[in-house]
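S.K.: So that we are looking at the same thing, I have put the structure below in structure tokens.
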Amino acid sequence: MNQNAGVHYPSNSAPPTHSEWLKRSRQMLALLTETEKAIYHDPDAAAAYLDRAIAILGADSHSNSSQCKARGGLARWQIARINEFIKQHLDQSIRTSELASLLGLSASHFSHAFKQTTGLTPLMYVAAKRVEAAARYMVRSPHSLSDVALSHGFCDQSHFCRVFRRQTGLSPQTWRKLHAADPDLLRTRNTTASNQAVQARSPA
């Protein structure tokens with residue numbers, strides 16, 4: 001993977017569109033995955049990947065903050081508070097009204113300001129955060145997709161697969177095979193699945 005890969009956003013550009021935001025999210029996920037893979041055997045490469053991910057994450061944040069504020073957008077500390085809440089409640093249902101109350105805003109005001117700042121509705125943003133977290137979790141965990149789905153706030157495995165494919169262009173199964181940090185992970189998961197199947201067929 002090219003460590004210098006990335007999208008550059010001019011400092012005076014408007015907030016990214018939905019497709020641009022998804023493209024940037026995918027780049028960040030890929031870089032974070034490469035960081036995790038390289039961290040033990042090639043620390044320098046891992047640091048380079050992480051620096052690039054941070055650069056993409058922070059693109060335009062400083063130069064656009066005053067623009068967002070002028071348009072009624074949210075401040076960075078407000079977005080940080082939202083991110084922390086989402087992180088702590090990934091396995092739960094998260095409503096727009098809950099996020100708005102964190103900042104002392106009405107749901108309508110919050111939704112408008114949030115979309116101006118991020119380019120996404122609050123619920124789209126929450127879904128993207130769930131997918132990001134699930135993608136990272138899958139590369140280091142042998143748990144089934146059903147368990148991954150429930151632990152990251154999706155209704156079931158089918159719901160998880162639909163949202164994941166819509167945002168990444170890949171199924172969770174394909175993502176996991178391509179990005180598994182542990183070469184034994186797939187074998188462990190397949191063995192676990194086989195054992196569960198045998199137990200299910202065995203008489204009580």
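The values are calculated or read from the model by the stated rules, or taken from the named source; none is laboratory data. Small disclaimer: the values here were computed from a predicted structure and weren't measured. Backbone-built Cβ (ideal geometry, glycine too); neighbour counts: all protein chains shown.
S.K.: Tell me, please, whether a residue that is within 20 Å of Lys87 (Cβ to Cβ), touching a Gly at 6+ places or on another chain (Cβ under 7 Å) and either of a type outside the set (Lys, Arg) or surrounded by fewer than 18 Cβ atoms within 10 Å (Cβ to Cβ) (or both) can be found in region 114-128.
M.R.: The answer is yes, given that some residue of region 114-128 is within 20 Å of Lys87 (Cβ to Cβ), touching a Gly at 6+ places or on another chain (Cβ under 7 Å) and either of a type outside the set (Lys, Arg) or surrounded by fewer than 18 Cβ atoms within 10 Å (Cβ to Cβ) (or both).
S.K.: Looking only at region 145-173, count how many residues are touching a Ser or Thr at 6+ places or on another chain (Cβ under 8 Å) and not in a helix (DSSP H, G or I).
M.R.: Count: 2.
S.K.: Please identify the pairs in which a residue from region 152-163 that is within 18 Å of Lys87 (Cα to Cα) has its Cβ atom under 7 Å from the Cβ atom of a residue that is part of a loop (DSSP other than H, G, I, E, B) and among the charged types (D, E, K, R), counting only partners at least 6 apart or on another chain.
M.R.: Correct list of pairs: His152/Asp91; Gly153/Asp91.
S.K.: Could you tell me whether any residue of region 5-26 is at pLDDT 65 or above, in a loop (DSSP other than H, G, I, E, B) and of a type outside the set (S, T, N, Q)?
M.R.: Scanning region 5-26, I find no residue that is at pLDDT 65 or above, in a loop (DSSP other than H, G, I, E, B) and of a type outside the set (S, T, N, Q), so the answer is no.
Here is a yes/no grid of residues against (1) closer than 19 Å to Thr33 by Cα; (2) surrounded by fewer than 20 Cβ atoms within 10 Å (Cβ to Cβ):
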{"site": "Asp91", "(1), (2)": "no, yes"}
{"site": "Pro142", "(1), (2)": "yes, yes"}
{"site": "Ser151", "(1), (2)": "no, yes"}
{"site": "Cys155", "(1), (2)": "no, yes"}
{"site": "Phe164", "(1), (2)": "yes, no"}
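S.K.: A further question follows. Within region 18-47, can you find the residues that are free of Cβ contacts under 8 Å to residues at least 40 places away in the same chain, farther than 20 Å from Ser141 by Cβ and out of contact with any helix residue (DSSP H, G or I) (no Cβ under 7 Å at 6 or more places or on another chain)?
M.R.: Correct list: Ser19, Lys23, His41, Asp42, Pro43, Asp44, Ala47.
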